[in-house]
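Chemist: Before I ask anything, let me first share the structure, which is written out below as structure tokens.
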Amino acid sequence: MLIVTTRSITSLTMRTNHPSILLLAGIASTSAWTPAFGNTNPRAGGAIVSSPSLSTSRLVHGSRTTATLRAAASSTMMPPLSSPYDEHLPLARDAMKFIDDSPDPFHAVKSSSDALENVGFVEWDDTSSSQQLAPGGKYYFTRNKSTLVAFTVGSNYKPGNGFKIIGSHTDSPNLKVKPYSKRTTSKDGGVSGAIQLAVECYGGGLWHTWFDRDLGVSGRVFLRDGETGKIRQELIKIDQAILRIPNLAIHLQTATERKAFKINKEDHLAPIIATAVKDSLGSGGSKSDSKRSDNVDNDEEWMKHQEPLLVQLLASKLGVAEKEIIDFELNLFDVQPATIGGVRSEFVHSARLDNLASCFISLRALIDHVENGGVEKDGDISMIAMFDHEEVGSSSATGAGSPIVGEAVKQISHALGTGADSSPVLYNCAIQSSFVLSVDQAHAVHPNYAAKHEKNHGP
């Protein structure tokens with residue numbers, strides 16, 4: 001099996017001489033594609049420039065008519081610059097929509113699953129030995145709702161044919177809400193009078209960029225039904241600026257502190273969710289905190305350590321009782337949507353390009369393969385794998401270091417009658433005829449930091 005690692009451009013546009021390839025801020029395209037992720041956000045467009053014109057009514061301004069004013073305005077207005085990427089802008093906007101809809105691995109997998117089902121993919125039970133596959137079929141399965149594997153079996157598949165696999169990852173560096181979300185137990189929310197959430201750093205992020213941003217919360221919440229006792233999970237995405245990590249005012253910083261911005265991750269990255277002033281004004285402080293805490297079921301040990309305002313918000317958004325919430329996996333994200341930038345609309349400005357851009361483009365490649373008749377002409381198995389936990393080493397049960405892909409290859413081969421046990425020779429032929437592309441994000445040369453690269457061997 002051939003394993004190749006590819007790196008795509010994220011921060012600058014790269015032009016190639018190949019007519020079918022375009023790399024637009026880390027987004028590789030081979031063809032235009034009908035949007036499969038809903039309507040695009042008009043705020044995230046940025047590619048269409050409209051020139052305002054004066055009213056066509058015959059109003060007179062001084063001694064000049066409207067027509068004269070319009071002529072004068074048109075002679076000074078700069079026309080919108082044409083872009084060599086106009087035909088690819090729909091693809092870029094679809095990528096932006098996918099990234100905006102996927103602030104965490106759970107939403108990324110949900111968006112991908114929905115898109116796959118829209119073109120006929122069916123969920124496959126990879127844990128059952130009786131599951132059958134057929135040439136021409138389209139299948140996918142998930143693990144932990146945060147890792148996804150999808151594949152097609154070519155209509156011309158023959159035993160011993162290989163696997164073509166593209167790997168990416170669904171996670172990105174972020175601030176995660178700690179298992180115990182309550183940051184303080186003091187009566188007034190702390191000496192500052194602010195109520196904060198307890199968060200932790202996930203992955204290797206540029207943490208100074210999280211200051212002074214409008215932050216929302218997303219992830220999944222586990223609920224226990226009060227009558228049946230059954231546990232279910234619900235996805236949640238609160239794209240409102242409910243949290244903020246404010247910078248320290250310049251007047252309170254020394255010259256040395258202003259020169260080098262240093263962060264104590266435990267103390268300086270705690271986001272503010274509310275003030276304690278409202279509670280204190282109503283009842284002098286002590287009663288208010290008791291009221292905040294008594295709104296939830298403090299008989300549960302887990303609930304005692306949760307920030308009541310967060311629990312109340314989650315319950316309100318999900319339409320459930322607070323006592324039904326028994327656990328959650330939440331992270332923070334910047335609610336500002338992705339945009340197209342540059343005077344020629346050359347760039348995609350977005351969070352989580354590493355690695356949702358690769359997830360998106362591999363997903364599109366597989367869907368294009370289906371919609372353009374590639375499955376009918378194919379004799380191999382075409383697969384994409386989107387892993388979780390790459391940012392923390394990939395060694396979890398849902399990471400790239402897990403046996404997920406290896407087990408999938410064995411299960412698929414077995415279901416097609418070429419398993420390692422039943423047909424070891426054909427199985428070995430399939431492995432030798434296969435390849436894997438590990439598609440992650442890398443960096444172009446930053447024009448302000450070009451010295452970071454060796455002059456003759458930069459990206």
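Chemist: For residue 420, indicate whether it is at pLDDT 95 or above, hydrophobic (A, V, I, L, M, F, W, C) and touching a helix residue (DSSP H, G or I) at 6+ places or on another chain (Cβ under 8 Å).
Modeler: So residue 420 does not fit the description; no.
Chemist: Name the residue that is surrounded by the fewest Cβ atoms within 10 Å (Cβ to Cβ), counting only residues in the stretch 85-118 that are among the small types (Gly, Ala, Ser) and assigned to a helix (DSSP H, G or I).
Modeler: Of everything passing the filter in the stretch 85-118, 113 is surrounded by the fewest Cβ atoms within 10 Å (Cβ to Cβ).
Chemist: Still on this model: Regarding the stretch 238-250, can at least one residue be identified that is charged (D, E, K, R) and at pLDDT below 95?
Modeler: No, the stretch 238-250 has no match at all.
Chemist: Assess whether residue 330 counts as being open to solvent by less than 20 Å² (accessible area, probe 1.4 Å), under 25 Å from residue 209 (Cβ atoms), at pLDDT 95 or above and assigned to a strand (DSSP E or B).
Modeler: yes
Chemist: In the stretch 318-368, what residues are in contact with a strand residue (DSSP E or B) (Cβ under 6 Å, 6 or more places away or on another chain), under 13 Å from residue 237 (Cα atoms) and of a type outside the set (A, V, I, L, M, F, W, C)?
Modeler: 329, 331
Chemist: Looking at the stretch 119-174, which of its residues are in a loop (DSSP other than H, G, I, E, B) and either among the acidic types (Asp, Glu) or free of Cβ contacts under 8 Å to residues at least 12 places away in the same chain (or both)?
Modeler: Matches in the stretch 119-174: 125, 126, 127, 128, 130, 171.
Chemist: Being open to solvent by 30 Å² or more (accessible area, probe 1.4 Å) and closer than 24 Å to residue 145 by Cα, is that true of even one residue in the stretch 409-430?
Modeler: So far as the stretch 409-430 goes, yes, one or more of its residues are open to solvent by 30 Å² or more (accessible area, probe 1.4 Å) and closer than 24 Å to residue 145 by Cα.
Chemist: Can you name the helices (runs of 4 or more DSSP H) wholly within the stretch 283-327 that have at least 2 residues being at pLDDT 90 or above and open to solvent by 60 Å² or more (accessible area, probe 1.4 Å)?
Modeler: 308-318
Chemist: A follow-up question, please. So which of 413, 433, 382, 423 ends up being free of Cβ contacts under 8 Å to residues at least 60 places away in the same chain and among the polar types (S, T, N, Q)?
Modeler: 413
Chemist: I'd like to verify a number: residues in the stretch 227-254 that are farther than 20 Å from residue 269 by Cα and open to solvent by 80 Å² or more (accessible area, probe 1.4 Å), how many?
Modeler: 5
Chemist: Still on this structure, I have one more. Please determine, by comparing only the residues of the stretch 190-215 that are within 23 Å of residue 259 (Cα to Cα) and among the small types (Gly, Ala, Ser), which one is most open to solvent (accessible area, probe 1.4 Å).
Modeler: Taking the candidates together, the pick is 204.
The values are calculated or read from the model by the stated rules, or taken from the named source; none is laboratory data. Because the structure is predicted, anything quoted here is derived from the model rather than measured. Every residue, glycine as well, gets a Cβ built from its backbone with ideal geometry; the counts of neighbours run over all protein chains shown. To get the accessible areas, we keep the full protein, side chains included, count just its heavy atoms, and leave off ligands, DNA and RNA. Shrake-Rupley method; radii C 1.70, N 1.55, O 1.52, S 1.80 Å.
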